[in-house]
Amino acid sequence: MNMTLQRNSLLAIIILAASVLVLPMTAKSQILNEKTKKKIHVGLGMFTDIYMNVPSGLKTRTINQGFTALVAYRVPFGKSNFGFGIGLQVSIHNMYGNFLFKSYTDSTTMTKINDTVGYKRSKLVMPYIELPIEFQFVTKYKFAVGLGFKVGYMLPAHTKYVGDEYQADLQPERDQVRVKYRNVKNLDRFAYGPTFRIGYKWFNLVGYYQLSTIFQKGKGPDIYPITVGFMIRPF
C-alpha cells in the first residue's frame, strides 16, 4: 500500500515538474511563432529542363517535366524592401530521350535506341535535396524579385525504360517490358548554380542555370540543364 502511494506521489511530482518546464516553453514558442510565421514561405512548383551538350545523334524531349517543394525563411533588411532568404528544397529532375545508359566502373555512355524499337519512355530520374539562398526585393504590393544561388546533393538516381525489349538477340519477339535500373555510375552527386525568381503575390516564375555537369568530368557526357518553371508560394 505504501509502495503504491509512493509511486503515485512520485508520478504526480514528475507530471507537475514537467508542466512547470513545458508551459513557459510552449508560451514562448507561441510568441515566437507569431513573430516568425510571416517570414516562413512554403512553395510547390513545376519546371522543365533544357539539356545542353547532349551527344550528337541523341535527342532529349522538348518538355522534361520536374517537380519541386520548398520551405524558406526570409530575413528582411530593416524596414526596407530588401531581404535575404534561405531554405530547404527537394527537386526531382527527369531527362527523357531516345537513349539508354550503360555504366562501367570508370565511365558511363549513352546509346541511341534503335529506330526499329518501339518504346513509350526512356528517362533518367535525378532527385536532389537542395540549399537555396536568395537576395530579395519585395514591394508592399507583393511584387518580388530574387537573385540567388543553390547547392544540391543528388539522392539515389535511377533510369526507367518502358517499351519493347531492346535486347533483340535475347528476345526477338520484342515483348513489352518495364525496366528500372538503380546502379547508374559516375554521376556527380553535387549540383550548383545561380537562380532567378520574379513573381506577384502567390505566383512566381523561376529559373536555374546549373554550372556543374550531371556526370563526373571525364567519366560521362558533359550534359547540364537550364531550368525554367513556376512556383506557387501561398505563404
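The values are calculated or read from the model by the stated rules, or taken from the named source; none is laboratory data. Note that the coordinates shown come from a computational prediction; the quantities given were computed from them, not determined experimentally. Reconstructed Cβ throughout: ideal geometry from the backbone, glycine too, with neighbour counts over all protein chains shown.
The conditions are (1) of a type outside the set (S, T, N, Q); (2) over 24 Å from residue 72 (Cα atoms); (3) surrounded by 13 or more Cβ atoms within 10 Å (Cβ to Cβ), and residue 150 fails exactly one of them. Which is it?
(2)
Regarding residue 181, is this residue closer than 23 Å to residue 125 by Cα and either modelled with pLDDT of 95 or more or of a type in the set (Ser, Thr, Tyr) (or both)?
Judged against the criteria, residue 181 is a match.
Which of the residues that make up segment 56-88 are in a loop (DSSP other than H, G, I, E, B) and under 22 Å from the mean Cα position of the chain (by Cα)?
61, 62, 63, 64
Can you confirm whether segment 81-101 contains a residue that is touching a Phe, Trp or Tyr at 6+ places or on another chain (Cβ under 9 Å), among the polar types (S, T, N, Q) and modelled with pLDDT under 90?
No, segment 81-101 contains no residue that is touching a Phe, Trp or Tyr at 6+ places or on another chain (Cβ under 9 Å), among the polar types (S, T, N, Q) and modelled with pLDDT under 90.
A quick yes/no check of all residues on (1) free of Cβ contacts under 8 Å to residues at least 40 places away in the same chain; (2) touching a strand residue (DSSP E or B) at 6+ places or on another chain (Cβ under 7 Å); (3) under 23 Å from residue 62 (Cβ atoms); (4) part of a strand (DSSP E or B):
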site: 126; (1), (2), (3), (4): no, yes, yes, yes
site: 133; (1), (2), (3), (4): no, yes, no, yes
site: 152; (1), (2), (3), (4): no, yes, no, yes
site: 163; (1), (2), (3), (4): no, yes, yes, yes
site: 184; (1), (2), (3), (4): no, yes, no, no
site: 191; (1), (2), (3), (4): no, yes, yes, yes
site: 198; (1), (2), (3), (4): no, yes, no, yes
site: 206; (1), (2), (3), (4): no, yes, yes, yes
site: 228; (1), (2), (3), (4): no, yes, yes, yes
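Which numbered condition trips up residue 91, out of (1) within 25 Å of residue 180 (Cβ to Cβ); (2) without any contact (Cβ under 8 Å) to a residue 40 or more places away in the chain; (3) part of a strand (DSSP E or B)?
(2)
Of all residues in segment 200-228 being of a type in the set (Gly, Ala, Ser) and at pLDDT below 95, which is nearest to the chain's Cα centre (by Cα)?
The initial filter retains those residues of segment 200-228 that are of a type in the set (Gly, Ala, Ser), namely 207, 212, 218, 220.
Retained after the next criterion (residues that are at pLDDT below 95): 218, 220.
Details: 218: 25, 220: 22 Å.
Out of the qualifying residues, it is 220.
What about residue 164, is it of a type in the set (Asp, Glu) and surrounded by fewer than 18 Cβ atoms within 10 Å (Cβ to Cβ)? Full working, then the answer.
Values: of a type in the set (Asp, Glu): yes; surrounded by fewer than 18 Cβ atoms within 10 Å (Cβ to Cβ): no.
So residue 164 fails the test.
Would you please name the residue that is farthest from residue 200 (Cα to Cα), looking only at residues in segment 111-136 that are among the hydrophobic types (A, V, I, L, M, F, W, C) and under 24 Å from the mean Cα position of the chain (by Cα)?
Only one residue tops the list, namely 124.
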